[in-house]
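Down below is the structure, laid out as C-alpha cells.
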Number of protein chains: 6
Amino acid sequence: MTLMANMTWYEFNQRKDEDVVILPIGSVEQHGPHLPLSTDTIISEGFAELLGEHINGIVMPSINYGYKSQPASGGGPLFPGTIDLNGLTLINLVKDIIEELIRDGIKKIVIVNSHFENQAFLLEAIDLVSKCMPEGTKIIMMSWWDLISQETIDKIFDEVPFPGWALEHAAITETSLILKFRPELVHMDRLIDEKIEEVPKYQIYPIPKDLVPKSGLLSIGRTSTKEKGDLIVTEALEQMIKIVKKELL
Amino acid sequence: MTLMANMTWYEFNQRKDEDVVILPIGSVEQHGPHLPLSTDTIISEGFAELLGEHINGIVMPSINYGYKSQPASGGGPLFPGTIDLNGLTLINLVKDIIEELIRDGIKKIVIVNSHFENQAFLLEAIDLVSKCMPEGTKIIMMSWWDLISQETIDKIFDEVPFPGWALEHAAITETSLILKFRPELVHMDRLIDEKIEEVPKYQIYPIPKDLVPKSGLLSIGRTSTKEKGDLIVTEALEQMIKIVKKELL
Amino acid sequence: MTLMANMTWYEFNQRKDEDVVILPIGSVEQHGPHLPLSTDTIISEGFAELLGEHINGIVMPSINYGYKSQPASGGGPLFPGTIDLNGLTLINLVKDIIEELIRDGIKKIVIVNSHFENQAFLLEAIDLVSKCMPEGTKIIMMSWWDLISQETIDKIFDEVPFPGWALEHAAITETSLILKFRPELVHMDRLIDEKIEEVPKYQIYPIPKDLVPKSGLLSIGRTSTKEKGDLIVTEALEQMIKIVKKELL
Amino acid sequence: MTLMANMTWYEFNQRKDEDVVILPIGSVEQHGPHLPLSTDTIISEGFAELLGEHINGIVMPSINYGYKSQPASGGGPLFPGTIDLNGLTLINLVKDIIEELIRDGIKKIVIVNSHFENQAFLLEAIDLVSKCMPEGTKIIMMSWWDLISQETIDKIFDEVPFPGWALEHAAITETSLILKFRPELVHMDRLIDEKIEEVPKYQIYPIPKDLVPKSGLLSIGRTSTKEKGDLIVTEALEQMIKIVKKELL
Amino acid sequence: MTLMANMTWYEFNQRKDEDVVILPIGSVEQHGPHLPLSTDTIISEGFAELLGEHINGIVMPSINYGYKSQPASGGGPLFPGTIDLNGLTLINLVKDIIEELIRDGIKKIVIVNSHFENQAFLLEAIDLVSKCMPEGTKIIMMSWWDLISQETIDKIFDEVPFPGWALEHAAITETSLILKFRPELVHMDRLIDEKIEEVPKYQIYPIPKDLVPKSGLLSIGRTSTKEKGDLIVTEALEQMIKIVKKELL
Amino acid sequence: MTLMANMTWYEFNQRKDEDVVILPIGSVEQHGPHLPLSTDTIISEGFAELLGEHINGIVMPSINYGYKSQPASGGGPLFPGTIDLNGLTLINLVKDIIEELIRDGIKKIVIVNSHFENQAFLLEAIDLVSKCMPEGTKIIMMSWWDLISQETIDKIFDEVPFPGWALEHAAITETSLILKFRPELVHMDRLIDEKIEEVPKYQIYPIPKDLVPKSGLLSIGRTSTKEKGDLIVTEALEQMIKIVKKELL
C-alpha cells in the first residue's frame, strides 16, 4: 500500500497497469458527544489503507467533506460542526477526480465510502463518468456496512438490538470502528444512552429541531468495543478484498 | 380533491390558505414483464388523489420522469424503456415547481414519491428551496413504503418472504398496487417466478448486464392480489392523512 | 398507437426500428376563466395520440410543466396557478429524455408542443443533443399552430378577427381544441368577451399587473366550437402525418 | 449621449439617478452575400446611440455575440461565420451585466436587441434578475421590428411583399438599416434575388443543408435604400423614446 | 487584416486554412480619472488589429466584458462603472465562441487579452475546449505585458520605478498605450500622482473601501507618453508575430 | 489550536464567537522527483496548524484537491499523478464549505492556500459568498509566498538566483518547507539540477510535452535546507498572525 499523498510523481508513474487506486470519502458531521467530526473520513481511510495493503493499492488523499447529513441517518444539518456539500458540488468533485485518474491511464478505481448520505451522489458522479470512459475501465463503490453479514451483526448487537444501518449513526459500529482506528479520539465517558425515539417515516422541511436527540445520537452506543471494531474490520475487509479480486484483478 | 390540471386559474385562486398542494412524482422504468413502465407514476398519482380526497387537497400534474434506476432497486439503466433523468435535472425540476408554488402563496406542500431512486434528489431540491422560503412554509416528502407497518408486511408476505423495500421492485407490493389502481395494465399471466439471485453488496460501473434477471424482476411477485393492494393503500393512506393532519393542518 | 406509460418494457423492447417515439409537452398555465390549467398538455397529448395512431407511434408520458408564461402570449407569471420552469431546467429535462431515448436505440423522435413559450428552450435542448447524436437519428419539433393554413384560419375566425398566434391564448383555437379533446373541462358559461387592449411592443420588468386583462384572456374566445376544434385537428394532424412520413418514414 | 466605453469612472460616477443605461446586443451571424456578419450589432448600436442622444442615456459596450441562429429567422448554424452562444451562456452573460449595473445603483436599464433569436434568452436573464432586484428598478427590452407600424411596413414593402419579421433576415429592412448606419459595409452589387422557397412549418435536427438558400438570404432584399432605413429609424426611435419616457422618466 | 464584424459570410468563407483568427478580450473597469472604462478592450483590439495586419489574420468582434476586477490589479469591484462577469459566465462565453470557430473549421486561434484578471478564466475555457478538439487545432492566449523585455521596462520606467505588472493599472503602460491607440480618450490633465500605499499581501472580504486610493490609481502614471506606447506596441507586436509564426504558421 | 476533524460537535459548539476557523487547501500535483504529490496540502496544513496555535484557531479538514496545474507554475496537467479539478468544481466546493460555516454562526474565516493555481478560483468562491453574507463576517485568503520579504528572499536565494514565485515550484522554498514539515517525505538524493529553460510568455493548447523539463522541476532546488524552511515559516507565520490580529481579532 502506498499513500498517493506521500508518493512523488515518479513513484506514481511506476505503478503497474493492474494497480488499483482507492479513493476514500468521508464527511464532517456530528457524531454525538463522544466521536470526532471526521469519524466517517477516519473509517474510510482506515479501510482504504487496509485494503490497499492487501491488494497493493494506491490510496488517494481523502475527500474530507461529504453530502448533507439527514436527520434519520446523521442527525441532520442543524448540528454545529456538520459541514454539508450541495449535491452538485459533490457530484462534480468526484467526477473530476475520477476523470483525471482515467486521463492518467488508471483503469481500476475503488471508492470507499463511510457516509450514508454520500451514496446517491457518488453513484451519480460515477454514472456520469461511465457514460464516456475508455473500454476496460472499472469503478467500484463500497460502503463498509453493506459487507457485514447477519452473523456478525448478531455478534455486535449482543445486548443492544440492531436498529438498522441508517440509524447506526455514532452508535455501536461507528464507535467500535473509531475505537479500533483512532481510540484516542473516542470519549467513552461522554457517551450517553440516548436514541431517536420515533424514527420519522417522512421528511419535513424546515427540519424540526426536536426530530433527533439533542446529543445527536440516533442509536444506543453502549457495548462498543475495540473488539467489535476488529470484528467489523475483519469481515468488511475480507469482503472488500474478495470483491476487488473478483472484479478488478 | 381537485386535480390542478383540470382547474381553471379562477378555481385555483379560490383555494383557502390552509389548502394542501400535493405533487406526485413517478418514473418511466422497467417493472418486469407484467407491469407498465409508468408503474411508479400510477402509484404516486393513486395515493395523491386518495390523500387529496381526505384532506381536500389539490393534486398537481405529475412529474412523469424520475432519477436513474439502480440495479438493486429498479433493475438499472440498461433496460429499454427505462428513461432516466440526471440528478441535477431532477433537482432543478422539483426546485422550480416548489418555488413557483411558494410564489403563488402556497404554504403547505406534500410530495408523494413512489420511485426509490428519487429520494435523495427530491430531498436535495427541497433542502435548496428551504434555505430561503417564507416563514410558515412546510414541505413534506412521503414514500408509501415508509408508512407500512411490520404487521402489514407480515400479512402481505404470507407465502413469499419479504426481501426488503429496495428489492420489492415489480414484485408483490407494486403488482398488488397496480392491481388495485389500474388492474387492466397488469399482465399476471406473464409474471414469472424470478428474482435477483445475489444482491450486490457494492456498485460497479460499467453496470454488468447479468447483475439482475433478464426479466427485470428483482423479487418474487407471486401472490400479488388486489386485496393486498387494498391493504397497502389503506394503511399508507391512513398514515399519510395522519402525517398531514399533524404537520400541516 | 401505444402509450409508453402503459407498456411493459417487454412490449417497448419489441418496437421496430422504424417506430417513431412521440413526446408531448405542455404547461401548467392560466387559460382564462373557462379553460383548465393543463390546456396545453391536453392539446399536446391529444395531437400526440392521434398522430401515434396514424403512424403507429409510441406516445411517451407528457412533460406536464413548461417554460415561463409571457404576458403577451400566455398572460405571464403573475397569475396564480401558472407554474413556470426556468429555462435551464426545461433544457436539461428535454435533453435528458431525448438522450435516454437515443441510448435505447431510438432514431426517430417527434416532440409535440402546444405551449408558445416552450419553443426556444425545446430547440436549445434538441440542438445540444444533436451536437453528438448517432448518425441517422432525427428529431422533429412541431407546434400545431404552425401547421394551420390561412384558409382554415379564415374559417375559424369567421366572426372574430384573427389576432395572430401569440395572442390566440385561451381564445378561439384553444377553446375549440379543448371542446374537442376534453369538452367536460370547458366552462363556456364563464367565458367573457375580454381581450388585451394594447399589445405591448416591448417587455418590461417587473411585469406590470395591468398589462393583460384580469381574466387572463388575451383574445376573444367567443364562437369557439367543437367543430372548429375538429377543423384544427384535421388539418394539423394531416400535416403532422405528412411531415413524419416525409422526414422519418 | 455618452458611450460608457469612453467614459472615465469619474464621469460615470457623476451620472444622475434618473439616467438611463442602454445595453445593445447583437450577434455574429451570416447576413447574405452583401451584409456584414455584425449586422445585428451595428443596428443595435445604431439605435442605442440615437436613443441615448434623445434621452441623455449612457450606452454600454455591446454584447457582440448572440444566441444560435435559427434556419427560418437567420439561416441557421451551418453558415461559416455564424458564431452561436449556448442559451445558458447568454442568459448568464446578460444576467451578470444587469446585476452589476444594479449593484452600481442603476435603476433604469434598456436592452436594445436586433437579433431575433436572442429574445427568449434575454427575457430569461431579465426574469432571473427581476426575482430579487431592488424596489424601483426597471428593465426594458426592445427589438426595433416590434415598433414598426403597418403604415411604415406598407411604405417599405412597396414592391416586394412583406414576408413577416422572422423572415426579414438580410432582406429589405436590415439592408436599409445598414445602408443608413454603415453604408460602406453594404455590397448592393452582390445582393441576389433569392429567398427561402418553403418556410419550414416545423424544426428538424440535424438541420438539413438545403433548408435555406445557399446565399443565406431568406427574403428578397431588392428595393432596399437608405431612405427606407431612415423611415425605420425615425419610427422605431420615436417609439423607443416614447416608451422610455412613459416607463422610465 | 480583416475585421470579422465587417466581413460578409462569403468573405469569411473564402479564408484559407492557414488563416489565423484573433479574438480580443477586454473589460469594463475603472482606469483612474484619466482613462476610459474600456481601456483594456481598446488595447486588446489595438494589438489584435496590428497582429492581424502582419499575419493576415481575421479579427473577431471583441468580448467587451471581463472577469471581476481585483483590488490589487484593477481597483476592485467597488468602483462605479466596473462591470464584472462571474467566473463561470466568462468561461462559458469564451468556450462557446472557440467551439463555434472550431465547428467552422478554424484550426488556429489567438486570444489577445489585456485584462489581468481574465487570465485564469480564459485558460479554464481553453482547457475545457482542448479536452475534445480536433487534431491539429491550436489555441494561443497572449497578454501583452508578458511580452515586454526588461530592457523595455527600463526605458519606460525611466523616472518612476516599475511597480510590477499587476500594479501597472491605469498607470504608465496603459496610459501610454491609450495615448497611442485612442489619444482623444486620455485626460492627462486629470491624472494625479497617486498610488496604492501598501500592496495587500492577502485578500479580505468584504473588500475594504480604503484598500486602494479613491482615484482608482494603483501606480504612478506620470511620464506616460505616446512614445512609450509606441515602444510597448513595437516590442509586444514583434513578439506576438514571432509567437504566431513559430506556433501556427 | 484544535483540529476540527478530531473535535466532537460538543467541543466545536463550545467555541467562542471570536474564534477563527482556518481552512487549508492544497493540491495533488507533481513536485519533481523528490517531493510528494501532496506537497501543497502539507504546507497549507503546516501553516494552518501553526497559525491555529498562535491565535487559538480551529483548523478544518483540508481540501486535498486543487485547481489545474499550469505548465509555468506547476508543470501542467500532463504529469501522471497531477489530479486537477475544474474551475467550477473548486469554486462550488469552497463556496459550500464557507456557507456552511456561516450558517453555523462562524464570522471569522481564514483560507490558507499553497497552490498557486488555486488563487483565482478561491477568490471567485469567496466573492460569491460575500455577495450575501451576514454583516460582520470576514473571510481572508492567504498564500504564504505573498508574506515573504525581500530580505528573506535574499537569504534563501543565497546561491541560486530567485526565479520569481510562480516558478518556485518544487524548488528551494517548497523543498525547504517539506524538509521542515515532513522531512521523511523528501528525497534529496533524487533531486536533480534542472529547470525550465525558457519560461513561456504565452499559453498554448494543446500543451506541448516539452514545455517543462521531464522531471517536472521548474527551478533549481539545490541549497534547500530545513533551516531555510524555518526561515520561511517564521516570517510567513509572523505575518499571518499579524494579519489575523489586525483584521479579525
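The values are calculated or read from the model by the stated rules, or taken from the named source; none is laboratory data. Nothing here was measured: the structure is a model prediction, and the numbers come from that model. So basically every Cβ, Gly included, is an ideal-geometry build from the backbone, and we count neighbours across all protein chains shown. Quick note on the areas: whole protein, heavy atoms, side chains included, nothing else; ligands and nucleic acids left out. Shrake-Rupley method; radii C 1.70, N 1.55, O 1.52, S 1.80 Å.
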Check your understanding: Distances over 18 Å make up what percent of all Cα-Cα pairs in the range A:124-249?
Key -> 62 percent
Review point. Size of the dipole of chain D about the Cα centre, Lys and Arg at +1 and Asp and Glu at -1 on the beta carbon, nothing else charged, in debye to 20?
Key: 280 debye
Practice item. Compare the Cα positions of D:Ile153, D:Ser176, D:Ser130 along the charge dipole of the range D:123-219 (+1 at Cβ of Lys, Arg; -1 at Cβ of Asp, Glu; about the Cα centre) and return the one farthest towards the positive end. Key: D:Ser130
**Study point:** Between helix A:172-181 and chain A: long-axis angle, C-alpha atoms, 0 to 90°, nearest 10
**Key:** 50 degrees
Point to revise | Rg and Dmax [Cα atoms of the range E:44-158; Å; Rg one decimal, Dmax integer] | key: 15.7, 48
Revision key, fill the gap. Carbon and sulfur atoms account, in whole percent of the 1.4 Å probe accessible area of the protein assembly as shown, for 51 percent
Practice item. Just tell me how shielded E:1-8 is by partners: mean number of partner chain Cβ atoms within 10 Å of each residue's Cβ, no decimals. Key: 6
Check your understanding: For label points placed 7 Å from Cα toward Cβ, what is the shortest-first list of nm distances from D:Glu53 to its copies?
Key -> 3.0, 6.3, 7.2, 7.2, 8.3
Point to revise | the range B:188-249 and the range F:42-76: distance between their alpha carbon centers, rounded to Å | key: 48 Å
Point to revise | Hits among lysines - C-alpha to C-alpha of F:Lys108 under 17 Å, sequence gap 8 or more where chains match | key: F:Lys16, F:Lys95, F:Lys131, F:Lys138, F:Lys242, F:Lys245, F:Lys246
Revision key, fill the gap. With +1 on the Cβ of every Lys and Arg and -1 on the Cβ of every Asp and Glu, the dipole magnitude of the range F:1-103 about its Cα centre, in debye rounded to the nearest 20, is 220 debye
Study note, to complete from the structure: Ranked by GNM mean-square fluctuation in chain C (Cα springs under 10 Å), the top entry among C:His54, C:His34, C:His115 is C:His54
Point to revise | Angle between chain E longest axis and helix E:119-130 axis [Cα atoms, degrees, rounded to 10] | key: 10 degrees
Exercise for review: List the distances, in nm to one decimal, from the label point of C:Asp189 to the label points of the same position in every other copy, shortest first, placing each label point 7 Å from Cα along the Cα-to-Cβ direction.
Suggested key: 4.8, 7.5, 8.1, 8.1, 9.9
**Study point:** ³J(HN,Hα), Karplus 6.51/-1.76/1.60, whole Hz, each residue of the range D:190-196, x for Gly, Pro
**Key:** 8, 5, 10, 8, 10, 8, 5
Practice item. Within 10 Å of each Cβ in peptide D:70-76, how many partner chain Cβ atoms are there on average? Round it to a whole number, please. Key: 1
Practice item. For chain E, set up a Gaussian network in which alpha carbons nearer than 10 Å are linked by springs, and say which option among E:Lys214, E:Lys16, E:Lys107 fluctuates the most. Key: E:Lys16
Exercise for review: Give the relative contact order (percent, whole number) for chain B; include only Cα pairs under 8 Å separated by 6+ residues.
Suggested key: 23 percent
Review point. From the label point of D:Arg103, set 7 Å from Cα along Cα→Cβ, how far away are the matching label points in the other copies, in nm, ordered shortest to longest?
Key: 2.3, 2.4, 2.9, 3.1, 3.8
Check your understanding: If you take the charge dipole of the range F:67-219 about its Cα centre, with +1 on Lys and Arg Cβ and -1 on Asp and Glu Cβ, which of F:Leu93, F:Pro206, F:Gln119 is farthest toward its positive end?
Key -> F:Leu93
Study note, to complete from the structure: With +1 at each Lys and Arg Cβ and -1 at each Asp and Glu Cβ, the charge dipole magnitude of the range F:1-48 around its Cα centre, to the nearest 20 debye, comes out at 80 debye
Check your understanding: Is the shape of the range C:48-101 best called rounded, prolate or oblate, per the rule: a/c under 1.5 gives rounded, else a/b larger than b/c gives prolate, else oblate, with a ≥ b ≥ c the square roots of the Cα gyration tensor eigenvalues?
Key -> oblate
Exercise for review: May I have the extent of the alpha carbons of chain F along their three principal axes, as whole Å values ordered from largest to smallest?
Suggested key: 51, 39, 30
**Study point:** Closest approach to the D/C rotation axis among chain D Cβ atoms, residue and whole-Å value
**Key:** D:Ala120, 2
**Study point:** Residues whose placed amide H lies under 5 Å from that of D:Arg222, excluding near-sequence neighbours
**Key:** none
Practice item. Amide H neighbours of F:Val28 under 5 Å, at least 5 residues apart or on other chains, H built in the peptide plane: list them. Key: F:Gly66, F:Ile83
**Study point:** In order through the range A:82-91: 3J(HN,Hα) via Karplus (6.51 cos²θ - 1.76 cosθ + 1.60), integer Hz, x for Gly, Pro
**Key:** 7, 10, 10, 8, 5, x, 4, 4, 5, 4
Revision key, fill the gap. Relative to chain D, whose Cα atoms define the longest principal axis, helix D:226-247 and its Cα axis are tilted in degrees, nearest 10, by 30 degrees
Check your understanding: So which residue, out of A:Thr137, A:Thr175, A:Thr225, gets the largest mean-square fluctuation from a GNM of chain A using Cα contacts under 10 Å as springs?
Key -> A:Thr137
Study note, to complete from the structure: Calc'd 3J(HN,Hα), the range E:201-207, phi into Karplus 6.51 cos²θ - 1.76 cosθ + 1.60 (θ = phi - 60°), Hz, glycine/Pro = x, comes to 8, 7, 10, 9, 10, x, 5
Review point. Can you give the average number of partner chain beta-carbon atoms within 10 Å of each beta-carbon in peptide B:120-132, as a whole number?
Key: 5
Review point. Can you give the helix-only mean residue ellipticity at 222 nm for chain F, where every DSSP H stretch with n ≥ 4 adds -39500 (n - 2.57) and the sum goes over all residues, rounded to the nearest 500 deg cm²/dmol?
Key: -11500 deg cm²/dmol
Review point. Among the DSSP beta bridges whose two residues both lie in the protein assembly as shown, what percent are antiparallel, rounded to the nearest 5?
Key: 20 percent
**Study point:** q = 0.24, 0.25, 0.32 Å⁻¹: log10 I(q)/I(0) that the Debye formula gives for the range D:23-70, counting C-alpha atoms only
**Key:** -0.81, -0.84, -1.11
**Study point:** Size descriptor, Kirkwood hydrodynamic radius, that averages inverse alpha-carbon separations across the protein assembly as shown, Å
**Key:** 34.3 Å
Revision key, fill the gap. Amide H contacts under 5 Å for B:Ile22, restricted to residues at least 5 apart in sequence or on another chain and with H modeled in the peptide plane, are B:Ile58, B:Val59, B:Met60, B:Val110
Check your understanding: What is the sum of charges around C:Ile204, taking Lys and Arg as +1, Asp and Glu as -1, for the other residues whose C-beta is under 14 Å from the C-beta of C:Ile204?
Key -> +3
